[in-house]
Amino acid sequence: MEDNLGSLLYFILVFPLSPYLFLFCAHALSSLVKKKVGSGALHGVRICRGAPRISQLFFADDTLLFGRATATELDCVKHTLDTYAQASGQQGLSWRVGTGSQIRIREDPWLFDDRGEVIQLEDVAGNGVHMVADLINHTTREWNRETVRNNFPEVIAEHVIAIPLGVDELNDTLFWRVNQCMNEQQQQQVRTGSRWIPPDCGRLKLNSDASVRHGSGTGIAGVLRDSEGRVVWCYAEKYPVALDVDLAEATAIYRGLLLAQEHGVSDLQVESDSQILINAITKDRLDLSYFGRLVRLIVDLSKSFDRVSFSWTRRTGNLVAHRLASFAFSCPVDFFHFAIPETLVPVVNVDCMAI
């Protein structure tokens, strides 16, 4: 069962109805509970004498498990959930920082080390700061570095400052943290789906794409995300003319680099599903066409970053940017720079589930 749950991540990424396939994970949890009931380890409850026992109830996004109020059955439930978490890659609820107003510094899981493990903060942070919001300059949407360094050891402070806040004040959100330590076989199964691969810890990744529709114009777009798949910002732009496809792809990357530079990004991975464009950028050959001139602008602009790399990915690893490029045609104005549109949140979540 655990191997099957691991390979499920592949199908989540590839098939059009993939978000619904994750319901099978809930079915797997139900099967684990039924197995415990069948063995007598878990008994469930009855609402009256002679009624059938109920051990579990599943709703849209909630699960209720029932058992006797004993240490033995509590351990049974915990073991069942641990088995499910290990197999599905879900480790438990954690916080993504938005405004920081709902997240307690010491008590809540919101900060992670390079392995994805929660950093325990019970014995750190003082000087009157209690909420993550106390560490943020809400005017500039940046971490207050002096406050952070005054309240955390240097190593932990660097992990805090590395968390991107984004340009807009979004609400803090709870998410299922994904297990970074899947076994080798599960990792290979996921890789075969050419999924979106997050950047290294501390780096950001820009995915870009373009959509050319003759008679409608050109849409370019991109999305900037961190190592946990969180969206820092994204953009979509519409041109009234149908550009050459390669030129449109290059324009999408160039716009993203300009925005990254404006927002002070220094360490960046750039990814596109245009192999022609990535080859042109990395080989840096002389080309006097409009496409070649734009590639030269991209190469020159990339030198303003402390570190930048360019790589190619399949369409399945670039789905969010691909959908954003199509979204550009429905934008009420020609250019948007914003948080991810609500309609594309499920696509972002699929990428996060597969990390």
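Quick check: is even one residue across region 232-248 assigned to a helix (DSSP H, G or I) and open to solvent by less than 20 Å² (accessible area, probe 1.4 Å)? First the steps, then the outcome.
Restricting attention to region 232-248, the residues satisfying the condition of being assigned to a helix (DSSP H, G or I) are 245-248.
If we keep only those that are open to solvent by less than 20 Å² (accessible area, probe 1.4 Å) too, we end up with 248.
Yes, region 232-248 contains at least one residue that is assigned to a helix (DSSP H, G or I) and open to solvent by less than 20 Å² (accessible area, probe 1.4 Å).
Entry remark, region 310-331: residues being surrounded by fewer than 16 Cβ atoms within 10 Å (Cβ to Cβ), out of contact with any strand residue (DSSP E or B) (no Cβ under 8 Å at 6 or more places or on another chain) and part of a helix (DSSP H, G or I) number 3 in total. Within region 54-73, being open to solvent by 70 Å² or more (accessible area, probe 1.4 Å) and in a helix (DSSP H, G or I) holds for ALA71, THR72. So, of the residues in region 99-127 that are open to solvent by 90 Å² or more (accessible area, probe 1.4 Å) and at pLDDT below 75, which turns out to be nearest to HIS138 (Cα to Cα)? By that ranking, first place goes to ASN127.
The set of residues from region 25-53 being exposed (fewer than 10 other Cβ atoms within 10 Å of the Cβ) and on the phi > 0 side of the Ramachandran plot comprises GLY40, GLY50.
Being among the hydrophobic types (A, V, I, L, M, F, W, C), open to solvent by 50 Å² or more (accessible area, probe 1.4 Å) and not in a helix (DSSP H, G or I): is that true of VAL265 here? Step through it out loud before you land on a result.
Numbers: among the hydrophobic types (A, V, I, L, M, F, W, C): yes; open to solvent by 50 Å² or more (accessible area, probe 1.4 Å): no; not in a helix (DSSP H, G or I): yes.
No; evaluated as a whole, the condition is false for this residue.
In region 214-231, which residues are assigned to a loop (DSSP other than H, G, I, E, B) and within 21 Å of the chain's Cα centre (by Cα)?
Kept after step one, since they are assigned to a loop (DSSP other than H, G, I, E, B), are these residues of region 214-231: 214-216, 226-230.
Once the filter is applied, which keeps residues that are assigned to a loop (DSSP other than H, G, I, E, B) and within 21 Å of the chain's Cα centre (by Cα), region 214-231 yields ASP226, SER227, GLU228, GLY229, ARG230.
Being modelled with pLDDT of 95 or more and either open to solvent by 40 Å² or more (accessible area, probe 1.4 Å) or of a type in the set (Val, Ile, Thr) (or both) is a property that ILE281 lacks.
The values are calculated or read from the model by the stated rules, or taken from the named source; none is laboratory data. The structure displayed is predicted, hence computed values, not measured ones. Heads up, the Cβs are rebuilt from the backbone with ideal geometry, glycines too, and the neighbour counts pull from every protein chain shown. Please note that ligands, DNA and RNA were not included when accessible areas were found on the heavy atoms of the full protein model with its side chains. Shrake-Rupley method; radii C 1.70, N 1.55, O 1.52, S 1.80 Å.
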